[in-house]
Amino acid sequence: MAAIPISWFLTLSAVLFALGVAGFLFRRNIVTVFMSIELMLNAVNLTFITFSYHFKSVDGHLFAFFVMVVAAAEAAVGLAIILTVFKNRSTLNIDAIDSMKN
Amino acid sequence: MNVILFLIFAIIAVVCAINVVVQTHPISSAISLVGVMGSLAILYLLLGAEFIAAAQVIVYAGAVMVLFIFVIMLLNAGAEVKQGRSVVVHLLGVPLLIAFLGLVAYFVQRLFPRDVEVTFGGFTGGTAQAIGRALFTTYMLPFEITSILVLIAIVGAIVLARKEMD
Amino acid sequence: MDSFIVISLIKILVVFGVLMTTLAYLQWVERKVIAHIQVRPGPYRVGPHGLLQPLADVIKLITKEDLLPSYVNKPLYLAAPFISVSMALLSISVIPFGPTIEVAGYHTWMQLTDLNIGVVFILAASSMGVYGIALAGWASNNKYALLGGLRSSAQMISYELPMSIAIAAPLLLSNTLSLRELVGTQAGGMLHWNLLRGPFPQIISFIIFLIAAFAETNRVPFDLPEAENELVAGFHTEYSSMKFASFFMAEYANMITVSCMATLLFLGGWDAPWPAAYGSSFVPVIIFALAGLIALYHGVNAVRKRDKLTFPAFGVIFLIIAAIFVLPIVQQWLLPLFWFCAKTGVILFAFMWIRGTLPRFRYDQLMGFTWKFLFPVAMLNLLITGFLVAWFTK
């Protein structure tokens, strides 16, 4: 066949999202957790664009565009926060940043 | 031809995504994430989203990930140490994730049966002109608000990361 | 369908072959230009006027010992020059060198592929080229290489911003992202080129684009991260032989790409400066004939003994080329190709001229220049262009 069933794109997006969630929950390094968040955002972008193809409308592309812009802004601020945390704690382990825990 | 392209780049994307989650050193994760974004850009091209594919490579893979790589190189913290991992979390979490994935895949297959298909060239409305037109008419308000958001992010990042003026 | 594949393969081979030769000889041209600026002869002994010097350099680089230090991060160390070169060569695949050409009944564009999003594709390829340098600095496991790599990548991504905005301004005038259509909208002589036309001549954009292009390709005056007397040698300290050669191939290929982009965006591509009706088809003939006559004259009254042989040979070659340009059968594709190469050549000469003339910027001066001056000026230019285009188009 010369055409791809659309459910394959959506399943791929679900797989990438699940992998992003796995990285977010199971990893201890802050930067890796942050990268898993970016992976989740990419999976969601793929879903938006797939549905934009399905409904033959350009609105999905616009949503994906805004997701990209927001992700870029969030990456900038998040990495600045990570730099500050590293300056104060000298570690990138999430479990070590627990001074507000009882 | 479409199917072969999709399969190649979908497999590359999944392998790189697994690499992001599994690798110990953050630099390897970052480079694998660049691989994921690159293969996703090609999948966007298959779906007719030519401008978004280019924007993905320029903005996401070419700027955001370079920022990540800079921070990782500057911090130079080394590979992650395998300690303090809770076995219960893994024992519970992995089956739940697989169940989530199975559920989503099942419902997607139910909603979009095999005959709803994607071909390269099936959607030609993803040109720069179409996106520009929609961006500056229907989506004018989100556009302006994201401009202010980016400005806030710039100011925030500079304030957080500067040296103290003592 | 299969004739398309065969034609594409032939075009790829031709473009790749011409590109590799041009890269090698561009280095010869650069050494000669800088030498003459510094009042010395430059490469002179290897072959007539040093023309075989690139061949000697290639042989040297291939036969040098290819070190793989034990302390480097091997996968990244080996991948970095590969990424640099592939991204540099990828951007050449969408550049059009001329209009259609007809060979043995097959019409084809003088371009490997025309994308709807050609301009952003080249920007994307150059964004990915940053990774080659950053990873080279990291993988070398060497403080100086890391610092050089980080500085160079930060410089490249900082200068991408004014470059993209400077590219956006003529796109407002031409209204298309495809490189072939871009040249189509600038047809008709010098006054229709994006540099000089429309409600707002894009002179400021051109200058900003050229300055940003110098920084993107790590050329003087922005070559602090890779200069020989700074930081040992910057990001390519630990590289030897072919891997080192790949980085320099990538730099020259990037130079060619940005010169071609400047030609296509601002100088009208393969369009002649004035229409053919007023005799612009005789310009190449006149140029080559003059070059041939001067070479013959200097061959006859030679100063150095070797020139008695080489200059007349060159003179005859130039006169033959001038004669080829008169033939009407090749004029249809050779003339636009000549104009494209002439304009790109002028910009490449400007690259080399500036290398021989200006000192280099310090790193903080460089970064301050882009963020505090170049980026605001580019934004202002885009604003004014957009305003004037909107005002004058109904």
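No value in this document is a laboratory result; all are computed from the given coordinates. Worth saying up front: this structure is predicted, and the values here are computed from it rather than measured. Heads up, the Cβs are rebuilt from the backbone with ideal geometry, glycines too, and the neighbour counts pull from every protein chain shown.
Compactness ratio of the range C:330-379: Cα Rg over 2.2 N^0.38 Å, N = residue count? Can you show the working numbers first?
Working: Rg = 17.4 Å, N = 50, 2.2 N^0.38 = 9.7 Å.
Rg over 2.2 N^0.38 Å, computed on Cα atoms: 1.79.
Can you pull the Rg over Rh of the range C:251-394, Cα-only, Kirkwood?
Details: Rg = 21.4 Å, Rh = 19.2 Å.
We get a ratio of 1.12 for the range C:251-394.
Just going by the charge dipole of the protein assembly as shown, with Lys and Arg at +1 and Asp and Glu at -1 on Cβ, which of B:130, C:41, C:215 is farthest out on the positive end?
Going by the Cα projections, it comes out as C:41.
Once each part is reduced to its C-alpha centroid, what is the distance from the range C:21-90 to the range A:52-102 in angstrom?
42 Å
Can you give the local net charge around residue B:125? Use residues other than it whose beta-carbon is closer than 15 angstrom to its beta-carbon, Lys and Arg +1, Asp and Glu -1.
On the way: positive: A:56, B:133; negative: A:59, B:50.
The answer is 0.
Quick one: net charge around residue C:50, please, counting Lys, Arg +1 and Asp, Glu -1 for every other residue with C-beta under 14 Å from its C-beta.
Values: positive: C:31, C:32, C:40, C:45, C:304, C:306; negative: C:30, C:57, C:307.
Counting the neighbours of residue C:50, the net charge comes to +3.
What residue among C:152, C:140, C:240 shows peak mean-square fluctuation when chain C is described by a Gaussian network model with Cα springs under 10 Å?
Result: C:240 has the largest fluctuation of those listed.
Based on the alpha-carbon set only, what is the convex hull volume of the range A:28-90 divided per residue, in Å³?
On the way: hull volume 2.9 nm³, N = 63.
Roughly 46 Å³ of hull volume per residue.
Can you tell me the Rg and Dmax of chain B, counting just the alpha carbons, in angstroms?
So, for chain B, Rg and Dmax equal 20.5, 67 Å respectively.
Of A:67, A:58, A:33, which is the most mobile in a GNM of chain A whose springs link Cα atoms less than 10 angstrom apart?
A:58
Report relative contact order for chain C in percent, whole number only (criteria: Cα-Cα under 8 Å, sequence separation at least 6). Write out the running numbers ahead of the final one.
Numbers: 557 pairs, mean separation 80.7, N = 394.
Over chain C, the number comes to 20 percent.
When each pair of different Cα atoms in the range C:46-87 is counted once in the 1/r mean, what is the Kirkwood radius in angstroms, to one decimal?
Working: mean 1/r = 0.0784 Å⁻¹.
Roughly 12.8 Å, rounded to one decimal.
State the percent of C-alpha pairs, over all pairs in the range B:127-166, separated by a distance greater than 11 angstrom. Walk me through the numbers before you get to the answer.
On the way: 537 of 780 pairs.
Roughly 69 percent, once rounded to a whole number.
Just subtract the alpha-carbon distance of residue C:379 and residue C:71 from 0.36 nm times their residue separation and send over the number in nm, one decimal.
On the way: separation 308, 0.36 × 308 = 110.88 nm, distance 4.52 nm.
The residue C:379-residue C:71 span can extend by a further 106.4 nm.
Note down the net charge around residue C:37, summing +1 for each Lys or Arg and -1 for each Asp or Glu among other residues with Cβ under 14 Å from its Cβ. Write out the running numbers ahead of the final one.
Working: positive: C:31, C:32, C:40, C:355; negative: C:30.
My count for the surroundings of residue C:37 gives +3.
What value, in deg cm²/dmol to 500, does the helix sum -39500 (n - 2.57) over DSSP H runs of n ≥ 4 give at 222 nm once divided by the residues of chain C? Write out the running numbers ahead of the final one.
Details: 13 runs with 256 residues, N = 394.
It comes out at -22500 deg cm²/dmol, rounded to the nearest 500.
Measuring from centroid to centroid over Cα atoms, what is the spacing of the range C:127-152 and the range C:300-314 in Å?
Taking the Cα centre of the range C:300-314 as reference, the centre of the range C:127-152 is 47 Å away.
Per-residue ellipticity at 222 nm for chain B, helices alone: DSSP H runs ≥ 4 residues times -39500 (n - 2.57), over residue total, nearest 500 deg cm²/dmol?
Computed ellipticity for chain B at 222 nm equals -23000 deg cm²/dmol.
Per residue of B:72-79, count partner chain C-beta atoms within 10 Å of its C-beta, then hand back the mean as an integer. Numbers along the way, then the final one.
On the way: counts 8, 9, 5, 9, 3, 8, 2, 1.
Per residue, the average neighbour count from other chains is 6.
What 222 nm value per residue comes from the helices of chain A, counting each DSSP H run with n ≥ 4 as -39,500 (n - 2.57) and dividing by all residues, nearest 500 deg cm²/dmol?
Numbers: 3 runs with 77 residues, N = 102.
Helices in chain A give a 222 nm mean residue ellipticity of -27000 deg cm²/dmol.
Separation between the residue B:14 and residue C:191 pseudo-spin-labels, each 7 Å from Cα along Cα→Cβ, expressed in nm?
Simple spin-label model gives 6.3 nm for this pair.
Taking the Cα-to-Cβ direction at residue C:302 and at residue A:67 and moving 7 Å from each Cα, how far apart do the two end points lie in nm?
For residue C:302 paired with residue A:67, the spin-label model returns 7.0 nm.
How are the alpha carbon pair distances in the range C:148-222 distributed across 5 Å bins from zero to the largest one, expressed in percent?
3, 16, 21, 20, 15, 11, 8, 4, 1, 0
Could you put C:341, B:16 in order, starting from the residue whose Cβ has the fewest other Cβ atoms within 10 Å?
Numbers: C:341 18, B:16 23.
Result, fewest neighbours first: C:341, B:16.
Amide H neighbours of residue B:118 under 5 Å, at least 5 residues apart or on other chains, H built in the peptide plane: list them.
Residues meeting the criterion, in which the H sits 1.01 Å from N, are A:4, A:6.
With θ set to phi - 60° and the Karplus curve 6.51 cos²θ - 1.76 cosθ + 1.60, what are the ³J(HN,Hα) couplings of the range A:64-69 in order, to the nearest whole Hz, using x for Gly and Pro?
So the Karplus estimates, Gly and Pro as x, are 4, 4, 5, 4, 4, 5 Hz.
Determine the alpha carbon to alpha carbon distance for each of C:64/C:308; C:143/C:343; C:32/C:60; C:243/C:308; C:32/C:74 and list only those over 30 Å.
From C:64/C:308; C:143/C:343; C:32/C:60; C:243/C:308; C:32/C:74, over 30 Å: C:64/C:308; C:143/C:343; C:243/C:308; C:32/C:74.
Taking the C-alpha atoms of the protein assembly as shown, how large are the radius of gyration and the largest Cα-Cα span, Dmax, in Å?
Considering the protein assembly as shown through its Cα atoms, Rg and Dmax are 27.0, 95 Å.
If the viscosity is 1.306 mPa s and the temperature 10 °C, what translational diffusion coefficient in µm²/s does Stokes-Einstein give for chain C when Rh comes from Kirkwood over Cα pairs? Before the final figure, lay out each step's value.
Values: Rh = 22.7 Å.
D = 70 µm²/s.
Return the sequence-ordered ³J(HN,Hα) values of the range B:16-27 in whole Hz as given by the Karplus equation 6.51 cos²θ - 1.76 cosθ + 1.60 applied to θ = phi - 60°, using x for Gly and Pro.
In residue order, the calculated couplings are 5, 5, 4, 4, 4, 7, 8, 5, 7, 7, x, 5 Hz.
Return the FRET efficiency for the residue pair residue C:46, residue B:147: r is the Cβ-Cβ distance, R0 is 60 Å, and the value is rounded to the nearest 0.05. Intermediate values should be presented prior to the final figure.
On the way: r = 57 Å, r/R0 = 0.95.
Efficiency computed from Cβ-Cβ geometry: 0.55.
Name the helices (complete DSSP H segments) of chain C with a Cα length along the long axis of 30 Å or more and a Kyte-Doolittle mean of at least 0.0, or state none.
Values: long enough: C:2-37 (51 Å, 1.41); C:118-139 (32 Å, 1.70); C:143-174 (47 Å, 0.84); C:241-266 (37 Å, 1.11); C:328-357 (42 Å, 1.09).
The qualifying helices are C:2-37, C:118-139, C:143-174, C:241-266, C:328-357.
Work out the charge dipole of the protein assembly as shown with +1 on the Cβ of Lys and Arg and -1 on the Cβ of Asp and Glu about the Cα centre, then indicate which of C:140, C:117, A:100 is farthest towards its positive end.
Comparing the listed Cα positions along the dipole, C:140 ranks first.
Given the range C:35-110, what whole percent of its Cα pairs are spread farther than 19 Å?
70 percent
Please report, in debye to the nearest 20, how large the charge dipole of the protein assembly as shown is about its Cα centre when each Lys and Arg carries +1 at its beta carbon and each Asp and Glu carries -1 there. If you can, show how the numbers build up before the last one.
Values: 37 positive and 31 negative charges, 221 e Å.
Roughly 1060 debye, rounded to the nearest 20.
Under a GNM of chain C (C-alpha, springs under 10 Å), which listed residue has the highest mean-square fluctuation: C:266, C:97, C:318?
C:318
How high is the FRET efficiency from residue C:55 to residue C:78, r the C-beta distance, R0 25 Å, rounded to 0.05? All intermediate terms of the calculation are to be shown ahead of the outcome.
On the way: r = 26 Å, r/R0 = 1.05.
Efficiency, from the Cβ-Cβ distance: 0.40.
Return the sequence-ordered ³J(HN,Hα) values of the range A:97-102 in whole Hz as given by the Karplus equation 6.51 cos²θ - 1.76 cosθ + 1.60 applied to θ = phi - 60°, using x for Gly and Pro.
Listing the rounded values in order: 9, 10, 6, 8, 6, 5 Hz.
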